[in-house]
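S.K.: The structure's right below; bear with me while I get my questions together.
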Amino acid sequence: MIRILFSAPAPLWPEYEPHLARALQDKGIAADLSPVCDTPSTVDYIVYAPNGPAISFPEFTRLKAVLGLWAGAETTVGNTTITVPLTRMVDPGLTEGMVEWVTGHVLRHHLGMDAHILNPDHAWHQVSAPLARQRIVTVLGAGELGGAVAKSLAALNFNTRAWGRRDPDIAGVSGFSGRSGLAPALDGAHIVVLLLPLTAATENVINAETLACLAPGAFLINPGRGPLIDDTALLAALASGQLAHATLDVFRTEPLPADDPFWDHPAITVTPHIAADTRAATAAPVIAENIRRSEAGEPLLHLVDRKAGY
Ligand code: NDP
Ligand code: OXD
């Protein structure tokens with residue numbers, strides 16, 4: 001019998017337990033699944049959220065893999081007590097949610113919805129938005145999430161660009177890669193979406209220099225990670241009008257402190273790290289498949305590349 005420890009915040013257990021049990025059964029895996037563990041040396045797999053109880057792993061002497069529930073691995077990748085394969089979450093439900101969240105915020109800014117929703121002067125403002133094809137949207141990060149977002153924005157006719165370490169190959173999307181591709185990817189962009197992982201190489205990727213590449217009055221949307229943005233440069237760009245608005249879902253400190261100036265800034269929208277969540281129904285089969293693969297001696301899906309940091 002395989003022993004699986006579910007190490008995530010307690011409220012998630014009733015949500016995940018039935019889905020995990022069913023997904024394991026569907027794969028023909030007999031498992032003892034539990035959110036508590038008295039004998040770490042008997043555990044084979046840990047289903048892991050960084051904000052759950054397990055933080056140190058040496059006592060899990062029989063461990064075969066740590067299976068992350070989060071897409072981002074920046075808080076786990078440096079944990080030297082994890083010596084077994086470490087996977088991150090690639091969940092179709094999470095991807096779907098991210099596409100919806102980003103599309104909603106892109107359309108808000110593209111269509112200038114605020115001018116009509118917030119119209120205290122009752123102004124009869126008959127200004128039509130340009131067509132999507134006239135709007136350059138750059139997605140930084142072209143992986144599972146950024147790639148899906150870029151594809152959906154291109155399907156809406158946005159003039160879409162995507163940037164990754166390797167050249168993204170997404171139908172209808174212009175691909176850019178590497179440091180030398182960053183300025184061309186941002187050049188004249190009207191809307192920028194950040195879907196990069198947080199690594200030493202991506203921290204502060206949005207700074208005074210990169211913000212200056214954008215079209216004046218551009219919009220920034222960040223569902224990636226807070227430290228991707230140099231906050232001082234962001235505030236300066238909003239003050240000068242180089243940026244018209246920033247929609248931020250992630251922050252250097254979370255929860256964002258109640259007295260943080262971002263909350264009341266007229267050109268910043270704060271959302272509380274809700275852009276997209278891992279969904280138990282669609283994530284459980286991914287976890288079960290990796291356990292099946294591990295037991296069969298096959299390569300695991302979605303392994304974290306510890307050297308690259310994501
Ligand atoms: P992936 O690993 O699938 O994609 C990451 C992308 O970033 C890849 O295109 C990768 O390039 C690119 N990249 C990484 N480093 C660099 C670099 N130095 N220069 C250029 N490009 C780089 O991750 P996901 O798409 O699954 O997730 C992205 C991030 O979204 C997560 O790390 C997390 O921080 C965030 N997230 C936020 C959520 C929220 O609710 N706010 C929910 C889930 C995730 P390449 O393709 O060449 O490897
Ligand atoms: C994640 C997140 O990484 O929720 O999954 O940010």
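S.K.: Is it the case that the stretch 142-164 has a residue that's assigned by TED's automatic domain parsing to the domain that holds residue 246, under 20 Å from residue 103 (Cβ atoms), among the acidic types (Asp, Glu) and open to solvent by 60 Å² or more (accessible area, probe 1.4 Å)?
M.R.: yes
S.K.: Go through (1) within 14 Å of residue 195 (Cα to Cα); (2) exposed (fewer than 15 other Cβ atoms within 10 Å of the Cβ) one by one and return the number of the condition residue 128 breaks.
M.R.: So residue 128 meets the others, but not (1).
S.K.: So how many residues does the stretch 45-78 have that are away from ligand 1 (no atom under 16 Å from the Cβ) and without any contact (Cβ under 8 Å) to a residue 60 or more places away in the chain?
M.R.: The first filter runs over the stretch 45-78 and keeps only residues away from ligand 1 (no atom under 16 Å from the Cβ), leaving 45-47, 52-66.
Okay, now just the ones that are also without any contact (Cβ under 8 Å) to a residue 60 or more places away in the chain, so 46, 52-63, 66.
The number of residues fulfilling the criteria is 14.
S.K.: Moving on to the next point. Limited to the stretch 75-93, what total is found for residues that are outside any helix (DSSP H, G or I) and touching a helix residue (DSSP H, G or I) at 6+ places or on another chain (Cβ under 9 Å)?
M.R.: To start, the set of residues in the stretch 75-93 that are outside any helix (DSSP H, G or I) comprises 75-91.
Right, trim to touching a helix residue (DSSP H, G or I) at 6+ places or on another chain (Cβ under 9 Å) and you get 85, 87, 89-91.
Of the residues in that region, 5 qualify.
S.K.: While we're looking at this one, here's another question. Give just the number: which of (1) open to solvent by 10 Å² or more (accessible area, probe 1.4 Å); (2) closer than 22 Å to residue 110 by Cα; (3) more than 16 Å from ligand 2 (Cβ to nearest atom) does residue 261 not satisfy?
M.R.: Unmet for residue 261, out of (1) open to solvent by 10 Å² or more (accessible area, probe 1.4 Å); (2) closer than 22 Å to residue 110 by Cα; (3) more than 16 Å from ligand 2 (Cβ to nearest atom): (2).
S.K.: From 86, 94, 63, 33, grab the single residue that is aliphatic (A, V, I, L, M) and surrounded by fewer than 19 Cβ atoms within 10 Å (Cβ to Cβ). Write out each step before concluding.
M.R.: Values: 86 fails: surrounded by fewer than 19 Cβ atoms within 10 Å (Cβ to Cβ); 94 fails: surrounded by fewer than 19 Cβ atoms within 10 Å (Cβ to Cβ); 63 fails: surrounded by fewer than 19 Cβ atoms within 10 Å (Cβ to Cβ).
On inspection, the qualifying residue turns out to be 33.
Each row is one residue, and each column tells you yes or no for (1) more than 18 Å from the chain's Cα centre (by Cα); (2) on the phi < 0 side of the Ramachandran plot; (3) of a type outside the set (D, E, K, R); (4) surrounded by fewer than 16 Cβ atoms within 10 Å (Cβ to Cβ).
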| residue | (1), (2), (3), (4) |
| --- | --- |
| 281 | yes, yes, yes, yes |
| 288 | yes, yes, yes, no |
| 291 | yes, yes, yes, no |
| 294 | yes, yes, yes, no |
| 305 | no, yes, no, yes |
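S.K.: May I ask you to verify whether residue 251 is within 16 Å of ligand 2 (Cβ to nearest atom) and aromatic (Phe, Trp, Tyr)?
M.R.: Numbers: within 16 Å of ligand 2 (Cβ to nearest atom): yes; aromatic (Phe, Trp, Tyr): yes.
Answer is yes for this residue.
S.K.: Mind counting the residues in the stretch 124-180 that are of a type in the set (A, V, I, L, M, F, W, C) and at pLDDT below 95? I'd like the intermediate steps shown before the answer.
M.R.: Quick first cut of the stretch 124-180, residues of a type in the set (A, V, I, L, M, F, W, C) only: 124, 127, 129, 131-132, 136-137, 139-140, 142, 145, 148-150, 153-156, 158, 162-163, 170-171, 173, 176.
When the remaining residues are screened for being at pLDDT below 95, the result is 127.
The total comes to 1.
S.K.: Same structure again: Take the residues in the stretch 221-258 that are open to solvent by 60 Å² or more (accessible area, probe 1.4 Å) and over 26 Å from residue 111 (Cα atoms), then tell me which one is nearest to ligand 1 (Cβ to nearest atom).
M.R.: 254
S.K.: Here's another thing I want to ask about it. Which is surrounded by fewer than 15 Cβ atoms within 10 Å (Cβ to Cβ) and touching a residue at least 60 places away in the same chain (Cβ under 8 Å), of 183, 201, 115, 123? Even if it seems obvious, please write down each step before you answer.
M.R.: Values: 183 fails: touching a residue at least 60 places away in the same chain (Cβ under 8 Å); 115 fails: touching a residue at least 60 places away in the same chain (Cβ under 8 Å); 123 fails: touching a residue at least 60 places away in the same chain (Cβ under 8 Å).
None of the other options fit; the residue is 201.
S.K.: Same structure, new question: Could you look through the stretch 124-179, keep only residues that are under 18 Å from the mean Cα position of the chain (by Cα) and of a type in the set (S, T, N, Q), and pick out the one that is farthest from residue 95 (Cα to Cα)?
M.R.: Within the stretch 124-179, the match that is farthest from residue 95 (Cα to Cα) is 138.
The values are calculated or read from the model by the stated rules, or taken from the named source; none is laboratory data. What you see is a predicted model; the values in this text were computed from it and never measured. Every residue, glycine as well, gets a Cβ built from its backbone with ideal geometry; the counts of neighbours run over all protein chains shown. In case anyone asks, the SASA skips ligands and DNA or RNA and just uses the protein heavy atoms, side chains included. Shrake-Rupley method; radii C 1.70, N 1.55, O 1.52, S 1.80 Å.
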